[in-house]
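Here's the structure, in structure tokens; my notes come after.
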Amino acid sequence: MISFANMKKAIILDGKALASEIRADIAEKVKKSKKKYGKVPGLAAILVGDNPASTLYINIKKKACVAAGFYTVNHHLPDSISGNDLIEIINNLNADHKIHGILVQLPLPASINVNKVMGAIDRHKDADGFNPYNMGMLAIGDPRFIPCTPLGIITLLDHYKIELKGKDAIIIGAGAVTGRPLASMMLNRGATVQVCHILTRNLNDKARKADIIVSSTGHPGLIKGDMIKKGAIVVDVGISKVNGKIAGDVRFDEASKIASFITPVPGGVGPMTIAMLMKNTFYAYKLSLKTDASR
Ligand code: GUN
């Protein structure tokens, strides 16, 4: 048994503070750009159905964009909508010159082919980086638009000067939103990456060997202190509600006594995801100012 009592506390990776700096910087750039070009970045947000978590997330995203001076358009669609009707709405947004970024909140109803929908988003307006073209470019090491959560994680690690080159990283959760694109990003930066999932055996042993642990399973308390190597970096992407309170995947009280750096929940990866959506939308807007041939 490891005793956590006398261990030094980990440094908190403060995503909330960094995200607010990034958002303020983008808001400043929007102001300047509006003066110069008479235009502002535009984001279209599409929500299908009434999933409470998705409704909450999309409202936070929209508010952040409005606060930064973006133009926003919202589509709240019934979960009975067909994939083809959803794609028609996306096609109209692809053709709309005031819209530079298009976001379709996930998950979509099971009846809709998510990859077909993501593939319909103009790859130059792909603020979430989920278009299979952008996912593929990231996977082959030539990234364009990068999904917001992994981009937020890497931006946060970079800010704290945490080097990935040569490190052993373990990612728990192999979803397309976080685990898979993050694995590509870490690999592209020279880490040795292991991606674990529900069928992975001996997760505890694997986790204990890692220099960096990222967990994005949505299982509160899955990562215990004794699964963490002393001095490891711990990134918690889980957001669950336990007894009315937000909880991550990691047992913070235990982990923060073993790790060298750790993200809190809330206030870690979540705010970074929002800031990266704005960064990607601003990038798409800048791209739209260039000619087709140069982008
Ligand atoms: N669902 C969970 N995370 C995300 C995200 O980053 N983007 C979108 N569009 N949907 C999500």
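Nothing in this text is a laboratory measurement; each read-out follows from the coordinates by a stated rule. Computed from a predicted model, the values in this text were never measured in an experiment. Every residue, glycine among them, receives a Cβ derived from its backbone with ideal geometry; neighbour counts consider all protein chains shown.
So how do 121-131, 256-266 stack up, highest first, on mean other-Cβ count within 10 Å? Kindly include the intermediate steps, with their values, before the conclusion.
On the way: 121-131: 23.7, 256-266: 21.4.
For the peptides 121-131, 256-266, the packing ranking is 121-131, 256-266.
Over all pairs of different C-alpha atoms, region 54-141 has a mean inverse distance whose reciprocal, the Kirkwood radius, equals 13.9 Å. Under a model in which nothing but the beta-carbon of Lys, Arg (+1) and Asp, Glu (-1) is charged, region 109-226 shows a dipole of about 160 debye around its Cα centre.
Can you give the helix-only mean residue ellipticity at 222 nm for the chain, where every DSSP H stretch with n ≥ 4 adds -39500 (n - 2.57) and the sum goes over all residues, rounded to the nearest 500 deg cm²/dmol?
Working: 10 runs with 118 residues, N = 295.
Calculated at 222 nm, the ellipticity per residue is -12500 deg cm²/dmol.
Working note: Karplus 6.51/-1.76/1.60 with θ = phi - 60° gives region 157-168 the couplings 4, 4, 4, 8, 6, 8, 7, 9, 4, x, 7, 8 Hz, where Gly and Pro are set to x.
Enter the per residue convex hull volume of region 102-207, computed from alpha-carbon coordinates, in Å³ rounded to the nearest integer. Spell out each step's value before the answer.
Numbers: hull volume 12.0 nm³, N = 106.
It comes to 113 Å³ per residue, whole-number rounded.
For residue 13, nonlocal amide neighbours, meaning residues 5 or more places apart or on other chains whose placed amide H falls under 5 Å from its own, are 262, 263. Note on region 45-79 and region 265-283: Cα centroid distance 14 Å, given to the nearest whole angstrom. Close amide H partners of residue 239, meaning residues 5 or more places away or on another chain with modelled amide H under 5 Å apart, are 218.
Rounded, prolate or oblate: which fits region 46-99 when a ≥ b ≥ c are the square roots of the eigenvalues of the alpha-carbon gyration tensor, with rounded for a/c under 1.5 and prolate only if a/b beats b/c? Can you show the working numbers first?
Values: a/c = 4.01, a/b = 1.13, b/c = 3.54.
Here region 46-99 falls in the oblate category.
Evaluated with a Cβ-only charge set (Lys, Arg +1; Asp, Glu -1), the chain carries a dipole of roughly 880 debye about its Cα centre, given to the nearest 20. Decide, for region 1-115, between rounded, prolate and oblate: order the square roots of the alpha carbon gyration tensor eigenvalues as a ≥ b ≥ c, take rounded if a/c falls under 1.5, and otherwise choose prolate if a/b is larger than b/c, else oblate. Because a/c hits 1.5 or more and a/b fails to exceed b/c, region 1-115 counts as oblate. In this structure, the amide hydrogen of residue 172, modeled 1.01 Å from its nitrogen in the peptide plane, lies closer than 5 angstrom to those of 196, 214, 215, 216, counting only residues at least 5 positions away or on a different chain.
Of the listed peptides 156-168, 208-220, what is their order by residue-averaged count of other C-beta atoms within 10 Å, with the highest listed first? Mind dumping the intermediate values first?
Values: 156-168: 15.1, 208-220: 20.9.
Ranked by mean Cβ neighbours within 10 Å, highest first: 208-220, 156-168.
When Rg and the Kirkwood Rh are both derived from Cα coordinates, the Rg/Rh ratio for region 8-49 amounts to 1.24. Seen through its C-alpha gyration tensor, with square-root eigenvalues sorted a ≥ b ≥ c, the chain comes out prolate because a/c lies at 1.5 or above while a/b is bigger than b/c.
Provide the percentage of antiparallel DSSP beta bridges, counting only those with both residues in the chain; round to the nearest 5.
Working: 3 of 32 bridges.
Once the DSSP bridges in the chain are tallied, antiparallel ones form about 10 percent.
Sequentially through region 23-39, phi angles give Karplus couplings (6.51, -1.76, 1.60; θ = phi - 60°) of 5, 5, 5, 5, 4, 5, 5, 4, 4, 5, 5, 4, 4, 6, 10, x, 9 Hz, Gly and Pro residues having no value and appearing as x. Using the Karplus relation 6.51 cos²θ - 1.76 cosθ + 1.60 with θ = phi - 60°, the per-residue 3J(HN,Hα) values for region 93-98 come to 5, 4, 8, 8, 5, 7 Hz, with x marking Gly and Pro.
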